[in-house]
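Read the figures in this text as sums done on the coordinates, not as results from a lab. Quantities reported herein were computed from a predicted structural model and do not represent experimental measurements. For neighbour counting, all protein chains shown are included, and Cβ atoms are generated from backbone atoms with ideal geometry for every residue, glycine included.
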Amino acid sequence: MDFHAEVIVLSQRDFREADALVTLFAREQGKQRAVARGLKKPSSSLRPCLQPFCHSRLHVRRGRELGLVTQGRALNFFPDLREDIEATAMAAYLMELVEKGLEEADPHPRLFDDLLQVLQHLECRAAAAPLLLRWFELRLAAETGYRPHLQECADCGTGRPGKHFSVSQGGLLCDRCAGAAAGTLSLDGESCALLLALGGARPDTVLRLRASARAQALLEEVLGRHLEYHLDRRFVFRQLLRSLRAPGAGSGRRPAAD
Ligand SMILES: [Zn+2]
């Protein structure tokens, strides 16, 4: 049976001679893998709509194991985002989160809409929004059943959460449980407040949040480790984003072509 799908392209890999294997996040069908025949040929009409993080509408023929993309149209190629190195790395990290975080054929239409919104914000504002990544990490955690405990202690379930985050317990601990726990990550008041604010935010309100570099770095560490632990995956673009921000690495828009 064939299906039409609104998708965000998560990745594209070489597959047989001129073909490619694409992993798609389809709004209604969830994560799907499909073959695109002849995609590596310059003449392929599918090339624009199957680039990573492109938002596209596709026609897919179901196969026994893999689908086959037969037609496609790009809805948004996010050209400005692709001009910015850091924004491109952020988008690649988002694709990695979804590809590694979701099971195949398990639909998450709200998460799809959220991902699309984050990409649209990255397209407009480029690299100015690392908090959008933190917000999406929280959304992915919630959709996969690992929403961190922030309102009550992640261990005893009753104590008022303090500033210690336990990755293995999956959230903030009260002071009594934190005293007995090993390997907790210490937050400060600002990063705790930011974590709570992100938990109840929408993408447009995330962009209005202000946070120090220290608070942002703390949340990046806590949420990245939370997802890696519970999803049991490693995210290589987390490391790349960090190295892009290292002193001397440089960032920002590529020089315009002549
Ligand atoms: Zn407790």
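Quick notes on this one:
- Sorted largest first, extent of the stretch 2-77 alpha carbons per principal axis (Å): 30, 30, 18
- Considering helices alone, the calculated mean residue ellipticity of the chain at 222 nm is -12000 deg cm²/dmol, with DSSP H runs of length four and up weighted by -39500 (n - 2.57) and normalised per residue.
- Taking 30, 199, 183 in turn, the Gaussian network model of the chain (Cα-Cα springs below 10 Å) assigns the largest fluctuation to 183.
- Candidate aspartates and glutamates - alpha carbon under 17 Å from residue 163, same-chain residues fewer than 8 apart omitted: 152, 155, 175, 188, 190, 220, 221
- Taking 11, 191, 43 in turn, the Gaussian network model of the chain (Cα-Cα springs below 10 Å) assigns the largest fluctuation to 43.
- Rh by Kirkwood over Cα pairs, then Stokes-Einstein D for the chain at 1.567 mPa s and 4 °C, µm²/s: 66
- Three-way shape call for the stretch 1-146 based on the alpha-carbon gyration tensor, with the a/c threshold at 1.5: oblate
- Among the trypsin sites (Lys or Arg not before Pro) within the stretch 1-89, those in coil by DSSP and having at most 14 neighbouring Cβ atoms inside 10 Å are 16, 62, 64.
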